[in-house]
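Participant: Got a structure for you, written out below as structure tokens; questions coming shortly.
The values are calculated or read from the model by the stated rules, or taken from the named source; none is laboratory data. A quick note: this is a predicted structure, and the numbers were derived from the prediction, not measured. As a convention, Cβ positions derive from the backbone with ideal geometry for all residues, glycine included, and neighbour counts pool all protein chains shown.
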Amino acid sequence: MLRTKPGGARLGVDSVMEYMEHPISGLVATNGVAYSSVATIGTTAVTVLDQLIDPGIPLSLKELEVGFTQKFTGLNGSVGGSIAYYWQVRSETRVPSAGAVVKYTSSYCNVTGSYLKAIGTLIALEDTFSGYVNVGSVPYAPIRILLTAIGVTAANVEGKVKNSTYIRMVGNAIPGC
């Protein structure tokens with residue numbers, strides 16, 4: 001006989017799954033480097049990347065590892081400026097609750113602090129952030145990743161995300177979703 005928890009989830013079933021995705025894809029490049037589409041950044045907040053990372057089935061996350069690489073290039077003529085940017089993630093999934101499957105969307109969780117960088121004409125800044133995200137703040141997958149940037153002073157900047165960016169998730173499959 002199948003035993004279930006309140007809400008209909010099966011007892012005693014831990015199907016661990018590992019999933020990794022490189023959200024930036026495209027044609028093979030001669031130097032191996034490809035980027036997302038370009039976002040033009042001025043003095044209002046701009047989303048450089050907003051993408052759902054879906055492993056195909058809902059997961060209760062045990063581990064969330066990220067490697068984010070972004071590139072910003074100044075387009076100001078002879079004027080220097082500065083930009084601020086940050087990465088965020090949130091869960092967007094379906095979970096069993098009181099005998100039904102409900103949509104679950106968490107609040108965005110900051111993966112990085114807000115970084116402020118000086119940028120000049122045709123100067124490219126490329127940074128990589130990598131490590132583990134606290135899964136207490138992002139308990140389920142699929143997850144949404146978000147890179148936001150804003151020009152602080154004299155900003156005319158283009159931003160894009162490099163194809164080496166990755167998200168790796170390890171978690172238990174959530175049955176019945």
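Participant: For the stretch 128-164, enumerate the residues that are modelled with pLDDT under 90, assigned to a strand (DSSP E or B) and of a type in the set (A, V, I, L, M).
Facilitator: Correct list: V152, V157.
Participant: Moving on. If Y132 satisfies all but one of (1) touching a residue at least 40 places away in the same chain (Cβ under 8 Å); (2) touching an Asp or Glu at 6+ places or on another chain (Cβ under 7 Å); (3) within 19 Å of L49 (Cβ to Cβ), what's the number of the condition it fails?
Facilitator: So Y132 meets the others, but not (3).
Participant: Further, regarding this structure: What number of residues within the stretch 100-129 satisfy the criterion of being exposed (fewer than 13 other Cβ atoms within 10 Å of the Cβ) and under 19 Å from I24 (Cβ atoms)?
Facilitator: Qualifying residue count for the region: 3.
Participant: Considering only residues that are part of a strand (DSSP E or B) and among the polar types (S, T, N, Q), which ones fall in the stretch 65-111? Working first, answer last.
Facilitator: Looking only at the stretch 65-111, we keep the residues that are part of a strand (DSSP E or B), and these are 65-74, 81-97, 100-105, 109-110.
Residues satisfying the conditions are T69, Q70, T73, S82, Q88, S91, T93, S97, T105, N110.
Participant: Across the stretch 5-19, what is the number of residues that are surrounded by 14 or more Cβ atoms within 10 Å (Cβ to Cβ) and either modelled with pLDDT of 65 or more or more than 30 Å from S97 (Cβ to Cβ) (or both)?
Facilitator: 2
Participant: Okay, moving on. With respect to S137, is the statement that it is in contact with a Cys (Cβ under 6 Å, 6 or more places away or on another chain) and among the small types (G, A, S) true?
Facilitator: Against the criterion (in contact with a Cys (Cβ under 6 Å, 6 or more places away or on another chain) and among the small types (G, A, S)), S137 qualifies.
Participant: Can you tell me which residue is modelled with the highest pLDDT among those in the stretch 83-106 that are over 18 Å from the mean Cα position of the chain (by Cα) and of a type in the set (A, V, I, L, M, F, W, C)? Quick ask: steps written out before the conclusion?
Facilitator: As a first pass, look at the stretch 83-106 and keep what is over 18 Å from the mean Cα position of the chain (by Cα): 83, 94-103.
Now drop any that are not of a type in the set (A, V, I, L, M, F, W, C), which leaves 83, 95, 98, 100-102.
On the way: I83: 89, V95: 78, A98: 71, A100: 76, V101: 78, V102: 83.
Among those that are over 18 Å from the mean Cα position of the chain (by Cα) and of a type in the set (A, V, I, L, M, F, W, C), it is I83.
Participant: Here's something else I'd like to know. Return the residue satisfying two criteria in turn: it lies in the stretch 20-57 and is acidic (D, E) and part of a strand (DSSP E or B), and of such residues it is surrounded by the most Cβ atoms within 10 Å (Cβ to Cβ).
Facilitator: Here the answer is E21.
Participant: Which residue pairs have Cβ atoms under 7 Å apart, sit 6 or more places apart or on different chains, and have a first residue in the stretch 32-56 that is more than 20 Å from T73 (Cα to Cα) and a second that is of a type in the set (D, E) and loosely packed, with under 14 Cβ neighbours inside 10 Å?
Facilitator: none
Participant: Give the residue that is farthest from the chain's Cα centre (by Cα), with candidates limited to residues of the stretch 63-82 that are within 21 Å of M169 (Cα to Cα) and of a type in the set (A, V, I, L, M).
Facilitator: Initially, the stretch 63-82 is screened for residues within 21 Å of M169 (Cα to Cα), giving 63-70.
Cutting the leftovers down to of a type in the set (A, V, I, L, M) gives us 64, 66.
Details: L64: 11, V66: 8 Å.
Of everything passing the filter in the stretch 63-82, L64 is farthest from the chain's Cα centre (by Cα).
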